[in-house]
1. Hey, what does the equivalent ellipsoid look like for chain A, semi-axes from the Cα gyration tensor as sqrt of 5 times each eigenvalue, largest first, whole Å?
2. Considering the rotational relationship between chains B and A, which residue of chain B contributes the beta-carbon of minimal distance to the axis, and what is that distance to the nearest Å?
3. Connecting C-alpha atoms closer than 10 Å in a GNM of chain A, tell me which of A:Ile20, A:Ile78, A:Ile37 has the biggest fluctuation.
4. Could you estimate the translational diffusion coefficient of the protein assembly as shown from the Stokes-Einstein equation, with Rh from the Kirkwood formula over C-alpha pairs, at 25 °C and 0.890 mPa s, in whole µm²/s?
5. Looking only at trypsin sites (Lys or Arg not before Pro) in DSSP loops with at most 16 other Cβ atoms within 10 Å, what is the longest site-free stretch of chain B?
6. Please give the calculated 222 nm ellipticity per residue for chain A, where each DSSP H segment of at least 4 residues contributes -39500 (n - 2.57) and the sum is spread over every residue; nearest 500 deg cm²/dmol?
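Any read-out appearing in this document is the output of simple, stated calculations on the displayed coordinates, not a laboratory observation. Bear in mind the structure is a predicted one, so any value in this text is a computation, not a measurement. In this analysis, Cβ positions are derived from the backbone assuming ideal geometry, glycine residues included, and neighbour counts consider all displayed protein chains.
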There are 2 protein chains.
Amino acid sequence: MFIILVYDANEKRVSKFHKICKKYLTHVQNSVFEGEITEANYRMLIDELRTIINNDEDSVLVYKFRTKKYYEREEFGIKKPSSEDIFF
Amino acid sequence: MFIILVYDANEKRVSKFHKICKKYLTHVQNSVFEGEITEANYRMLIDELRTIINNDEDSVLVYKFRTKKYYEREEFGIKKPSSEDIFF
């Protein structure tokens, strides 16, 4: 399946969220990741995120699709992920 | 069509982004909006965002779908939009 994942985490944990998501998905904007993923890997990703998420402060939103062909993507402004290596 | 919009803006402009997006879409996470929108309204939304976006600092990412039926949404952690009236 194809997923879009957006997290909103306390600054202290942002880099942990980023590192876990990057193992499974492609970084597309500061806190947005997307990619093809198997159901098994998706469960592993969520399990890993659950180990760091603070349920009072952080939020993770996932959109799941059977295939990628249903969407078109548009971007405006600066392309944020291009500089990710500087920050992480 | 159905869209998911994620912005990443400088703190100074976050509330402007929020107000414009809220006119057209439903708030689902701090910087994430979604909703059914006509092509004409989508163009109006993007035109409005273009008036405030700083192309060196801000980024807007939009996923467009023909219909909403292709996705399933999962959420983990705190539900951020529930408190939006306090902040905006």
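1. 20, 18, 11
2. B:Tyr70, 2
3. Greatest mean-square fluctuation among the candidates belongs to A:Ile78.
4. Values: Rh = 16.6 Å.
Translational D for this selection: 148 µm²/s.
5. Answer - B:1-65.
6. Values: 3 runs with 32 residues, N = 88.
Result for chain A, helices only: -11000 deg cm²/dmol.
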